[in-house]
C-alpha cells in the first residue's frame, strides 16, 4: 500500500472541507452566528476531527516514532504554537470516551428557575423557551476547534510525534493514574453516521479503516 498517497489524499480532502467550513463561519472573524449555521458546522467538524486523529495514527505507525518518543518523553512542550503572542489551540489527540447510562436513559434536568424577592407572596417561575434556529450563539469555541484542526492538518508528522510523546508519558504513569493510552476508542469513531450522506462520512470511514490496518497489519 502507498501510505503517503493515502495520507495525502485524505488530508487534502479534509483541508478542502475545513476551508468550506471557514467560509460558512464568516472567515473565522465573527463573534456570534446563527444557531443553525453552528449546528451545520458541528455536523461536519466532529467527524473531520475523528478522521484527522486516525490520519495521525497512520502517520505515527508509518514513521515508526514510538522508540524515539520514549527517549524524549520528559520535559517537552505539548502545545502547538504559532508566533510569539499568538497561541494556536492544541488539537485533541484522543477520542472522547463514551458515556454509558443505565437503560440508555440520560438523567433529565428537572424544575424551572424561580425568582423571588422581598414583598412577593409567591416565587415567580420562569418558563424555559425552546431555542430557535436563528438565535445568535457564541462562535468562540467553534473557531478554536477549527483552528486546532487546521494546525494539525498543516503538519501531521508533528502531531504524530506529539501523540507518541503523550503515549509514552501515559504508559509510564498508567499503573497509578489508570489513563488510557490508545487514541482511538473502541467501536465506531466519534461522528460516525450509519447513513453516509456527506463527503466527510466517507472520509472518516476510510481513515478509520486505514488506522485499523496500520495498527494491525496482516502477516505476510
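Extension gain residue 24-residue 39, at 0.36 nm per residue separation less the Cα-Cα distance, in nm?
4.3 nm
Quick one: if you stick a label point 7 Å off each Cα along the C-beta vector at residue 4 and residue 194, how many nm between them?
About 4.2 nm separates the two model spin labels.
When the chain is fully extended, how far beyond the present Cα-Cα distance does residue 206 get from residue 31, taking 0.36 nm per residue of separation?
59.6 nm
For an R0 of 30 angstrom, estimate the FRET efficiency from the Cβ-Cβ distance between residue 154 and residue 98 and round to the nearest 0.05.
Between residue 154 and residue 98 the formula returns 0.50.
If the viscosity is 1.306 mPa s and the temperature 10 °C, what Stokes-Einstein diffusion coefficient in µm²/s follows for region 1-63 when Rh is the Kirkwood radius over Cα pairs?
For these conditions, the coefficient is 122 µm²/s.
Values quoted throughout were computed directly from the atomic coordinates according to the rules given, and no laboratory measurement underlies them. Please read these numbers as outputs of a predicted model, since none were measured by experiment. Every residue, glycine as well, gets a Cβ built from its backbone with ideal geometry; the counts of neighbours run over all protein chains shown.
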